[in-house]
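Q: My questions will all concern the structure given below.
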Amino acid sequence: MKGERVAQLDLLLHSHPEGLRRSEIARRLGVHRSTISRYVDELKQYIDIYEDNNLIKIQPREGDENISLSVYESLAFNLSAEILATNSEFQNPHLASGLRKIAMNMRSYAPKISDNIIGLAESIDREVHSKREQNGPFNTVLEVLIDSWVSGKIVRIQHFSNGEEIETEFAPYFIGFREEDDGRNPISVTGRLRHTAAITTIDIGAITTAIILDETYTIPDNLKPFHKQHEEALYDSIDFIPLVMKIRERSALNSFRQINHSTPRFETNTRGETICRMEAENSIELFLRIIQCGDSVEILEPDSFRKKFKQLIKKILSIYE
């Protein structure tokens, strides 16, 4: 039996301490119902599970502690969970599993509240299942972002901004709800853009993929969460040049956020290389931002600006020769 299947069943049964029928396990694990009995028997040698009234359950791990709440605390928790479940834009399966665990601990002293919370968890699961295609990769992306945040590793994401899918690498600092003027409360992630000190907030619903990189970071103590960054307006008085660059790493473009420029436009040439076009302010700041990018970008046009940049680099190198 593959270790992946063992881990899946372990997580599934811990998320359902009340137990699951074999048919339900087969559905959730995506295996054929006729083979689930054999799978469960094989998995018993890896996981301490047992069967009670046709329900497969897992023995609590040594050291697991029960939560004891008063009836008042239990009801307050129930009401809070209902508000969260009915107002969240995207239902979360981890909320459902967490509610079940707490509900099982309430069963002995608050059985009615316990049943109500379990019913709420089931409704969340049904909502997640029915809107799986509509929600897309939301929950998968959220899990990757949480893993990135917990492990302190930078994450690379693909997300939509102003109708265009772009790539961003950043260090997650906060994950939570953000209030919008239109009354929405989207779940967003706030983090530092790689290669810069700039902080940005991205709606998780706009993210299509997320991959953790092997690069660590630390969260500062004095950061203000959920600052929404707005694009700076372009002014007619600023001198702009039609900048064309070859991009080896899209995240390097984060360096240009500190200067005035138009929205980057990307294309792929015949050699499969990424080309970026944008109007950027013609200033010493632009030179500094390009230097900051290192070998991740290469100036292609205008030719006069490319020559000027090469002269500046040679002048800087001559100081150290």
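None of the figures in this text is laboratory data; all of them are computed from the coordinates on show. What you see is a predicted model; the values in this text were computed from it and never measured. We place every Cβ from the backbone using ideal geometry, glycine too, and count neighbours over all the protein chains shown.
Q: Using a/c under 1.5 as the rounded threshold, could you call the range 71-133 rounded, prolate or oblate? The axes a ≥ b ≥ c are square roots of the C-alpha gyration tensor eigenvalues, and prolate needs a/b larger than b/c, oblate otherwise.
A: prolate
Q: Place a label point 7 angstrom from the Cα of Arg28 along the Cα-to-Cβ direction, then list the residues of the range 107-142 whose backbone nitrogen is under 18 Å away.
A: Output list for this probe position: 115-132, 139-140.
Q: Next question. Taking the Cβ of each residue in Arg132, Arg257, Arg100, Arg250 as the centre, tally the other Cβ atoms inside 10 Å and list the residues starting with the fewest.
A: The order, fewest Cβ neighbours first, is Arg132, Arg257, Arg250, Arg100.
Q: How would you classify the range 3-58 from its alpha-carbon gyration tensor, with a ≥ b ≥ c the square roots of the eigenvalues: rounded for a/c under 1.5, else prolate if a/b is greater than b/c, otherwise oblate?
A: Rounded, since a/c falls under 1.5.
Q: Once you charge only the Cβ atoms, +1 for Lys and Arg and -1 for Asp and Glu, what is the size of the charge dipole of the range 71-133 about its Cα centre, to the nearest 20 debye?
A: Roughly 200 debye for the range 71-133.
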